[in-house]
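Each remark here refers to the structure printed beneath this line.
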Amino acid sequence: MKLEKSKIQFSIGKNPSKNFYKIVLVAKDHLPKELETKFPDQIKSSIFSGEPGQSLTDESDRTIYLGVGESAKASIRGVAQYFFSFGEKLRKWDSVGLEIKVPRFLTKNLSPAGLVYQIANSLDLGAFPLNVLTKDFKEKKPKFGPVTFLIEDPGAEKAAAQGLEKSKAVSKYVNGCRFISHLPANHFTPEEFVSRSKEIAKENGLKITVFDEPQLKKEKMGGILAVSQGSDKKPKMILLEYHPAKPKTKKKLALIGKGLTFDSGGISIKPAQDMHEMKYDMCGAAAVIHAIGAISELGLGVPVIAAIGVAENMPDAAAVKPGDVYTAHNGLTVEVQNTDAEGRLVLGDVLSYVGKKFKPDYMVDLATLTGAIIISLGHEAAGVMSNSEKLRELIDEASHSSEERTWNLPLWDEYGEDLKSDIADLRNVAGRPGGSLSAGKYLERFVDSGIEWAHIDIAGTAWRKKASGTQIGNGPSGYGVRLLVDLVEKLEKHK
C-alpha cells in the first residue's frame, strides 16, 4: 500500500512561477502602509482591521491580506489554522501557487521553525483529500503551483528553512495516517495494516516482524486472540524497529498502538448510530507506524520500536462473551465483563510482549480507548496517564512544540480498585465513573517494572468534525504523529 508523497513543492524565497497569490500576514497593530493607501475606506470602516482570520484580497496584484489579531497575542496554533482552507484552495485551483510573507513581528515573538513547520503542515493537510473512493477523486488530477515563504527577518531564515524541511518529512506521514484511518473496514483490514507497515519499513530501511495467528497462539497473546474470535479477519501483531545510524542516546523508546480496524462492540454491541465511525478505532496504531516512518526519515538519534496489535471486534457465534475469562501474555487471567472494552485487551498483550522482548527504557501507547475521555476533554486534547514524572514532562514539552494538545490525568491506585474480579486476577471494566482512569490502571498491570510508561487516550482527538488549531476537521486528524516525532526530538536532547 503505497505512501503518497506531497504534491506541493515548498521552498524559502520568492515564488519562481508567474501564477501565484501573495499572502501577507497582518496584525491589528502592524497594518502595512500600502493597505491604508490602497483601501482607505475598508480600513476606516473596519471591513479589514487585522482581526484573527479576517482577510482582504487585492486582485489587482493578487495579494491576500490575512489578519492574525494583536501581534503580542498571535500564536503558532492560531496562525496555522487559517492555512487549512488555503490548502483546499490549492487543490481546487489549477497550477496556482502561494508566496507567504512571514513578517518580522511574528518571527520575533514566535519560533520561526515552528511557525513555518505548522503553516506548511496545514497547507499539506488541507490539500490532501480523503474522498479517495469517489469517482470524482479518481478522475480529477489536481495540479499544484509552488509554495514559498518570504521571511522578512534574514536572521530567522535559517530556522524557518529547518522547519520547512521537517514539514516535508512529517506532513506526508500525518496525511498517510489520515488516509488509512479514513478507509472503511472492508478496504482496510488487518492484512492491509501489514501491507502499509511493510511499505513504511521498505521506504525507511526498518526491520519488520509480523505475527500471524499461529505465532500469537505460540506467544500466548490471549487478549488479541479473544478480541478477534468473532471475526473472519485474522489478528496480527506488527513490529517495526528503527536503529539510528548516529544514535545520540542508548535509551530505547517503544511506541505501542491500538489497531481495531472495526469495533462493533462484540456481544456487548454498540448502538447503531455512529457505529460507522468505529473504523477509526485503529487511529492509535496508524499514528504509531507513521510516526516511526517520520522519525526514521528525519534521521533522529533515538532507537525506536513501534508495535501494534491489530484485530477486528465482531459479534459472531464464536465471539468472546461477557463473563468469559482469558489468560493474557503476562500470565494474568482477565474476566471480560464487557466485550466493548476490547482495546485494553489488545494493548495489554502488546505492552507485555514488548516490555519483555525489548526491555525499552520508555514506553508510550496511543489508543482510541474510551468515550469517557471525550466527556472529560472534548476534542481539544488527549489524556495522558503515566507512571513517570520525567516522561510526563517530556510529553508536555512535545505537546507544546508539536501543537498537539495533551492533558495530564491522575493514575492513583484508587482508580484500579474496582478492577478486582471474583473469579480472575482482574476484570476489564470498573464502571462508568473515571472510566478513562480505570482503563489506564488496567494497562498499567501489563507494564514491566522499571519501564517509564505513558498511556495517551486519543479518542477525542483522532477524528473530529471541525478544525481547531493544527488539527484538521471533517474526519481523521492524524493526531499523534507530530507529537511522537517531537517526543523523540526531546529524548535526543534529554540527559
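Quick look at the values:
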| item | result |
| --- | --- |
| Percent carbon-and-sulfur accessible area, the chain, ignoring ligands, DNA and RNA, probe 1.4 Å | 50 percent |
| In nm, spacing of pseudo-spin labels at D212 and K246 (7 Å Cα→C-beta vector) | 4.1 nm |
| Base-10 log of normalised Debye intensity for the chain (one unit scatterer per alpha-carbon) at q = 0.05, 0.06, 0.07 Å⁻¹ | -0.20, -0.28, -0.38 |
| Rg over Rh [alpha-carbon atoms, Kirkwood Rh] for the range 384-436 | 1.13 |
| CD proxy at 222 nm, helix term only [per DSSP H run n ≥ 4: -39500 (n - 2.57); per residue of the chain; nearest 500] | -11000 deg cm²/dmol |
| Cross-link table K258/K441; K207/K357; K22/K135; K2/K172; K7/K233; K234/K279, entries beyond 23 Å C-alpha to C-alpha | K22/K135; K7/K233 |
| H30, H290, reordered so the largest accessible area comes first (probe 1.4 Å) | H30, H290 |
| P(r) histogram, all alpha-carbon pairs of the range 10-170 included - 10 Å bins from 0, percent | 11, 39, 35, 13, 3 |
| Dipole magnitude of the chain, debye to nearest 20 (Cβ charges: Lys/Arg +1, Asp/Glu -1, about Cα centre) | 1500 debye |
| Shape parameters for the range 1-97, alpha-carbon atoms, Rg then Dmax in Å | 15.4, 55 |
| Solvent-accessible area per residue for the chain (1.4 angstrom probe, square angstrom) | 41 Å² |
| Of G97, L347, A80, farthest towards positive along the dipole that unit charges on Lys, Arg, Asp, Glu beta carbons give the chain | G97 |
| Ranking by accessible area, most exposed first, for D361, D316 with a 1.4 Å probe | D316, D361 |
| Among L443, S421, A467 the positive-end extreme of the charge dipole of the range 342-495 (Cβ point charges) | A467 |
| Listed peptides 138-151, 189-202 by packing density, highest first (mean Cβ within 10 Å) | 189-202, 138-151 |
| For the range 361-375, 3J(HN,Hα) per residue [Karplus equation, 6.51 cos²θ - 1.76 cosθ + 1.60, θ = phi - 60°, Hz, x = Gly/Pro] | 6, 10, 9, 10, 10, 10, 7, 7, 8, 9, x, 4, 5, 6, 5 |
| Cα gyration tensor shape of the range 350-495, rounded if a/c is under 1.5, else prolate or oblate by comparing a/b with b/c | oblate |
| Top positive-direction residue, dipole computed over the chain with Cβ charges, set T37, P146, I269 | P146 |
| Kirkwood hydrodynamic radius (C-alpha pairs) into Stokes-Einstein, the range 197-316, 10 °C and 1.306 mPa s, D in µm²/s | 103 µm²/s |
| Cα centroid separation, the range 401-418 to the range 197-263 (Å) | 25 Å |
| Computed over the chain: relative contact order in percent, which uses C-alpha pairs under 8 Å that are six or more apart | 15 percent |
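The values are calculated or read from the model by the stated rules, or taken from the named source; none is laboratory data. Please read all numbers here as calculations on a predicted model, not as lab measurements. Here Cβ is always computed from backbone atoms with ideal geometry, including for glycine, and neighbour counts include all displayed protein chains. All accessible areas refer to the heavy atoms of the entire protein, side chains included, with ligands and DNA or RNA removed. Shrake-Rupley method; radii C 1.70, N 1.55, O 1.52, S 1.80 Å.
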